[in-house]
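What follows is one structure encoded as structure tokens, with my remarks underneath.
The values are calculated or read from the model by the stated rules, or taken from the named source; none is laboratory data. Note that the coordinates shown come from a computational prediction; the quantities given were computed from them, not determined experimentally. Cβ: placed from backbone, ideal geometry, glycine included. Neighbour counts: every protein chain shown. Heavy atoms of the whole protein, side chains included, go into the accessibility calculation; ligands, DNA and RNA do not. Shrake-Rupley method; radii C 1.70, N 1.55, O 1.52, S 1.80 Å.
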Amino acid sequence: MKISLNWLKQYVDIDKSAEELGQILTGTGLEVEGIEKLEAVTGGLKGVVIGKVITCEQHPDADRLKVTTVDIGEAEPVQIVCGAPNVAAGQTVVVATVGTTLYPDPNSAFKIKKSKIRGVVSEGMICAEDEIGLGNSHEGIMVLSSEVQPGTPAATYFNLQEDVLIEIGLTPNRCDAMGHIGVARDLIAAINVHENKTLKLNWPSVLELTAPANPLPIEIAVLAQEDAPRYCGLAIRNVAVAPSPEWMQQSLRAIGLTPINNVVDITNYVMHELGTPLHAFDYAKTGGKIVVQNAKDGEEFITLDGEKQQLSEQDLMITNGEDSLCIAGVYGGLSSGITEETTSIFLEAAYFNPISIRKTAKRLGLHTDASFRFERGVDIDLVPYALKRAAILMVQLCNGELASELIDCYPTPLHPIKVTFSIKRCKTLIGKHIETGIIEKILQQLDISILKKSDENWDLEIPQYRADVTREVDVIEEILRIYGFNNVEVPQKMNSSLPQNMSNPYEKSYQKIADLLAHLGFSEIMNNSLTNAKYVQDLGQNILLESNNVNMLNPLSNELSVMRQSLLFQTLESIAYNQNRQNSDLKLFEFGKTYHKTANGYQEKQALIIAISGQWFKENWNTSSKSTDFYDIKGISHAVFAQLGLSKLITEEALTESLLADGIKLNLLKQKVGEIGYVSQSLQKYFGIKKPVFIAIIDWDIILSNLHLNKVVFEKLPKTFAVRRDFSLLIDEHIRFAEIVQLAKKCDKKLLQNITLFDVFEGKQLPEGKKSYAIGFYFQDKEETLKDEQIDRIMNKIENVLVQDLGASLR
């Protein structure tokens, strides 16, 4: 938010530099992000003075040049060669002295030097108005009519005021500081407390408005009182729409606003003065009637910028009972705006529900100075004051005449919040004892009333303009920010307790697996739990349902309107973001929660997602390039289970009903614990991902509930050697290796230790629809050496099962 120093000084009598004020404001929580000097004319006319032309003679070698002597207030007059046709002796002129830098326009500059022009020395320049940035005319030099002492600085003569722009990074909770008055209030509180002064806030004078003898008819009906708790208005007639006075234009330009006309400028001026937005309607378009109501669903409305907006029934509108005039608190309408033909106006000031305004502004993408303030909550008690302030300015600056009494629709007044405050609690939270007298003075400066005091607790009443102060801890924060964060000393010693071993199974398992993946070159990502509702709508595939979405009651935006049902979509967002920034070789993982609405309420689940894409190894002279594939993600997944001691309990089967295109389902004791697969091309295209992506998703709640199955047992090294036997099988191409493993393990659970697939062949040499697997079977008895008869018996049993159940044959 931009604050003009000259404007600010109208409300508080201070004699401090902008830098000093910046430090004070930052200390009170209004962080100053920048201070910029503003000049009415670029360069501030430094080195430009008023001079008196003493003599003016023809140049000896140039018909169009004159040689003048000019008194500029120094001991001796200076000689200046001038080419202006209107220069003459006796004139009072503007002179740029030697060394002065002039800015005919802000982006170009030239420096005045002592020089010779056609052989005659010239020590300065007599200026035209365009040469010093005060106009556009170059027909001749500026000739001043009044008698001015030579040597008077031109900036003084032209009354050029310099200003300083203070840029404040206003946090959303500080709705009290959305105008110059609010900033001045914080300055006064800090200065009075720390410098023991008695500064007062200089409120603009607002007299009571008297109703005219023959008022314009005006009727106000608020049908949506929940969204418009307070609505005020009045009429002004005989308004002359014209440019606003220079002082008001300068104030608005200083904070970056473009003056439009006196009516609109007054509403903007009062909004930036008090923090309360106002809106002026052409009275003729209101028909003498104002109805505050919700829009019709699908209604179309053209705003002041000429854009057509489609409204919903949640949008609050200002209407005349038939036609919509304005989107309340957000944007005015094209048909009801102020024009040069406007002679009577209806002036509005209101308190609109911040949630309603925020929703409308977000949905329509309309962010204005008014919506910025209404979204945060304006001072409901200041609404009629702001309306009176603007009405008085319109009477003064627009030659207007009050045409109605002030109508105040406030059927259910809001009452100030009361808070119980503890001195002991204050000391505990701040970490320092602050004298009771200082606390009382700070509260007084913040307009927080002390209703009742006891030794331990005080009963406080919070002013309405501090909508963010609702709890004791908020009051303590207010005391601390005025007392000064820097005034709380850092202790000379710090006490710390040694952390105990993590007993939380989630934390232990998380740390163990996060370390494993980090050592394997993975990066942990952390995505927002809020996501876009369109993902489930477009990509849910009847696996994720819109009815299971946990919707936000007050979403920040459409992109953050629901809580995620899966970690997949935001992981793909992260992959696309990285690939679009030339970081395409990715190994990512995230531990996070998913959220689901069910018939029995709401459900949270913990999950781990692992994603790989691009090259497995970074490009190097001693490593060959290898693209990541399905077997990489499968190996990583099994490494996770092995690290947790659960690998022997994991079984695999074909993946069905998944957001992934193809892969395997992982079971832990017949319960689905995860899935491994790759992202389909259509899903890659949806997110703009250029390279294949392989994903593993693991249900961490199931992992945690089965960690007790991990038994650490010491085993001696076996006394015997393992024996390997191989099969070369001809099988149908749809058969998976996992099916073979499952059948083989049923044949023997004691001696058969491991099964590996070491070759796969598919080609024209094989019958159609067939493939060949070369499989190794490992047998071992840890105490006795195996005999061929034992192994042959098991191998024959495996062969028979594979032939009968899978139709396999030995090659």
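Just a few scattered comments:
- The label point for L160 and the one for Q582, both projected 7 Å from the Cα toward the Cβ, are 4.7 nm apart.
- Where only C-alpha atoms are counted, convex hull volume of region 14-142 per residue in Å³: 142 Å³
- Per residue convex hull volume, Cα atoms of region 473-583, in Å³: 281 Å³
- Projected label distance in nm at A240 and L709, using a 7 Å step from Cα toward the beta-carbon: 9.0 nm
- Full extension of the chain between E33 and N754 yields a length gain of 252.9 nm, computed as 0.36 nm times the residue separation minus the alpha carbon distance.
- Spin-label zone in region 15-51 - amide nitrogen under 17 Å from a point set 7 Å from the Cα of S146 along the C-beta vector: 49-51
- Apportionment of accessible area to carbon and sulfur, the chain, percent (1.4 Å): 48 percent
- Cα-centred dipole magnitude for the chain, charges only on beta-carbon of K, R (+1) and D, E (-1), debye, nearest 20: 3360 debye
- Where labels lie 7 Å past Cα in the beta-carbon direction, separation of H138 and E313 in nm: 6.5 nm
- Close amide H partners of L65, meaning residues 5 or more places away or on another chain with modelled amide H under 5 Å apart, are H59.
- Helical content of the chain, expressed as a calculated mean residue ellipticity at 222 nm, amounts to -8000 deg cm²/dmol (DSSP H runs of 4 or more residues, -39,500 (n - 2.57) each, divided by residue number, nearest 500).
- Computed from the C-beta positions of Q765 and T171 and an R0 of 56 Å, the FRET efficiency is 0.15 to the nearest 0.05.
- Scaled to the globular estimate 2.2 N^0.38 Å, the Cα spread of region 149-271, given as radius of gyration, is 1.48.
- S17-T412 FRET efficiency (beta carbon distance; Förster radius 60 Å; 0.05 resolution): 0.80
- For region 347-432, radius of gyration divided by Kirkwood radius, i.e. Rg to Rh on alpha-carbons: 1.16
- Over the chain, equivalent-ellipsoid semi-axes from the Cα gyration tensor in Å: 75, 38, 30
- Estimated FRET transfer efficiency when R0 is 51 angstrom, pair D323-S647 (beta carbons, to 0.05): 0.10
- A viscosity of 0.692 mPa s and a temperature of 37 °C, combined with the Kirkwood radius over Cα pairs in Stokes-Einstein, give a translational diffusion coefficient for region 488-647 of 176 µm²/s.
- Stretched out straight at 0.36 nm per residue, the stretch from E195 to E657 would grow longer than its current Cα-Cα span by 159.2 nm.
- Ligands, DNA and RNA excluded, the heavy atoms of H194 present near 100 Å² of accessible surface to a 1.4 Å solvent probe.
- Of K593/K771; K52/K114; K626/K711; K597/K672; K200/K388; K597/K691, those spanning more than 31 Å from alpha-carbon to alpha-carbon: K593/K771; K626/K711; K597/K691
- Angstrom value of the Kirkwood radius, inverse mean 1/r, which spans all Cα pairs in region 256-393: 15.1 Å
- Using C-alpha pairs under 8 Å with a sequence gap of at least 6, the mean separation divided by the residue count of the chain gives a relative contact order of 8 percent.
- For the chain: accessible area per residue (Å², 1.4 Å): 52 Å²
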